[in-house]
1. If you take the residues in the stretch 238-278 that are in a strand (DSSP E or B), aromatic (Phe, Trp, Tyr) and under 29 Å from the mean Cα position of the chain (by Cα), which one is surrounded by the fewest Cβ atoms within 10 Å (Cβ to Cβ)?
2. Only residues that are among the aliphatic types (A, V, I, L, M) and assigned to a loop (DSSP other than H, G, I, E, B): list them for the stretch 340-379, please.
3. So how many residues does the stretch 148-171 have that are assigned to a loop (DSSP other than H, G, I, E, B), under 25 Å from the mean Cα position of the chain (by Cα) and at pLDDT 95 or above?
4. How do the helices (runs of 4 or more DSSP H) wholly within the stretch 423-528 filter down when requiring 1 or more residues that are touching a Pro at 6+ places or on another chain (Cβ under 8 Å): which remain?
5. Here are 506, 478: which of them is among the hydroxyl-bearing types (Ser, Thr, Tyr), under 30 Å from residue 125 (Cα atoms) and within 22 Å of the chain's Cα centre (by Cα)?
6. Test residue 242 against the criterion of being under 22 Å from residue 467 (Cα atoms), small (Gly, Ala, Ser) and touching a residue at least 60 places away in the same chain (Cβ under 8 Å), and give yes or no.
7. Output yes when any residue across the stretch 389-406 is under 30 Å from residue 45 (Cβ atoms), out of contact with any strand residue (DSSP E or B) (no Cβ under 8 Å at 6 or more places or on another chain) and modelled with pLDDT under 95, and no when none is.
8. What residue, of 337, 311, is at pLDDT below 95, surrounded by 19 or more Cβ atoms within 10 Å (Cβ to Cβ) and within 27 Å of the chain's Cα centre (by Cα)?
Amino acid sequence: MRNKSIIALFMLAGIFSQAQNKNEFVTSNENLIAENILPIPKSLGQAIKKYSEGRNASLADIHPNGKEILAVTRFGSTNQLHKIITPMGARKQITFFEEPVNTASYEPTKGEYLVYSKDTGGNEFGQLYSLNLKTMESKLLTDGGRSQNGGVTWKKDGSGFYFTSTKRNGGDRDIYYMNPLKPEETQSVLELKGGGWGINDISDDNKKLLITEYVSANDSYLYIYDLDTKKLEPITDRKEKGIVQLNASFGKNPDEIYYVTDRDNEFSRLAIFNLKTKKNNYLTTSIPWNVESYDLSKDKSKLTFITNESGINKLYILDTNTQKYAAVSKIPVGLIGGGKFSGDGKNIYFSQSTANSGSDIYKLDIASQNIERWTDSELGEMQPADMAIPKLIDWKSFDGMKITGFYYPASAKFTGKRPVLISIHGGPEGQSMASSLGGSNYFSNEMGIALIYPNVRGSSGFGKTYIAADNGYLRMNSVKDIGALLDWIAQQPELDKDRIMITGGSYGGFMTLATAYEYADRIRCSMDVVGISDFNTFLKNTEEYRRDLRRVEYGDERIPKMAEFFTKIAPLNNIDKIKKPMFIVQGTNDPRVPVSEAIQMRDKLKGQGKTVWYLEAKNEGHGFRKKENVDFQRLAMIRFMQEYLLK
């Protein structure tokens, strides 16, 4: 009996010891599926808090009175809407959901209520809701099902709005009209074919809509729809190829529209098109960069536009009478968003960030050029000195094409050759810009890792030739651009060519997977986030409303030759060439790159005995948006890097 008691005590002590050990590690929440991830010490969770508590604020809309704004920022798990009535005043939260709310629009006359969009679990089936700002009651306006609803364009008197929806068949994006006070009376306005349609503007007399048909990053077309005659008339020629024509707005002259186009130019210019003479007047030819967005004042006497100049934004103001413009000089070098006039046209609200600050909202007084700060988002415990500053770098690829990227050096407190993390953007028409690293400053400041964000061919921001240079059968040339970057790293005395990790999301995930098999001997490990593992299965399973849009970029898998090419380059079919550990991250509800792309890659890697970590979030879609999931992903990534990059 005595021996049995001693054994029982030893067993109890062992269980207690295991419980103690378990309590020393971070546990994933109930929405996460974590496989093969090494234990994450709670001490690491504490260590990254300095870098994981920062916030950002961006502009959602300006109240019709011009004196208060809607901001998007996060205080809990997700981004929500906040009302701000004075500069640097309290951010009064007005939506409180588990799911993020990132877009909203005031009723344009009195602003007594607003309309916002929200999806479920990252599924991107955005539904429209109204929010009464007196009672704070929200009301679902759309069908609540598997449809995308957005593009809210208000009638000038605020009596209702036009919007787009895929609710008819899930694939085509049609136009509807709704009085949000009577959503049950919503009317179908125009049925269209394809998922790339959007409303740009409504005429002052509420009789005409300007509409864009987006086909690809290289092709888009403009139309005008007469709401009385029910006629859809093309403004541009659908037979013309390789021309961007976007963001149309009615000008002061009813026969003229403003829009952005790369017609007869490498970059997208702001232009005026005369509907009668069919002639263009290009306004920004002297700026050899893309005009990314613009906004017209209500009286149409002024226009503000934002350019993307080699990964940095500039904001300009244009006088529509003289067509002369000038850059706003007092904005620090960085990224700019929003750029929206107040109702009286005297002020411009915008959001802005730099490499060593998050995003915040500002107001520009046009007459005095004074800039007033409206929000001051917390960076947690991070200080500007903790934040890496990017340097623009370039290298020659296999065919002599110049490729650029942003290089964030490791903290100077580390000596010797530094390991490198290459992070590839999605799109593929995305662009890495000179932004703040945010929480990723932990990598450079605490782990001594240098980061490089390349803009391989196919990226936007470098002209129409560059953005088309990876289309179709040219796909693997962008992977070769990463191979050339590996050559560049080997030539840098401060970087360690033998300790390189590749990561990327979405199309950047495909690039990560492709690099993992193409350059298996030149990297240590890789991390694929919502990446494409086989274009054949991706195009078969991505949501219907985007399938044809993606075929234009990647190629049509229904063509046998293209399907054969996809089979050849698919990471899924090149598993035997992958030699280094891989971490796969995926959202269960992803409508763009379905979860099946991650599962099939994981299973085949496991089947061949490869080292693979796997993290899936049941309440996320195309990337993680909820803070608790983002935090765990970052911790798991750090643990992966500790094990396979730094050791």
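1. The qualifying residue surrounded by the fewest Cβ atoms within 10 Å (Cβ to Cβ) is 250.
2. Across the stretch 340-379, the qualifying residues are 355, 366, 367, 379.
3. Residues that pass the stated criteria total 3.
4. Those helices (runs of 4 or more DSSP H) span 441-446, 475-490, 507-518.
5. 506
6. Yes, satisfied.
7. no
8. 311
The values are calculated or read from the model by the stated rules, or taken from the named source; none is laboratory data. Keep in mind the model is a prediction, meaning the values are calculated, not measured. Backbone-built Cβ (ideal geometry, glycine too); neighbour counts: all protein chains shown.
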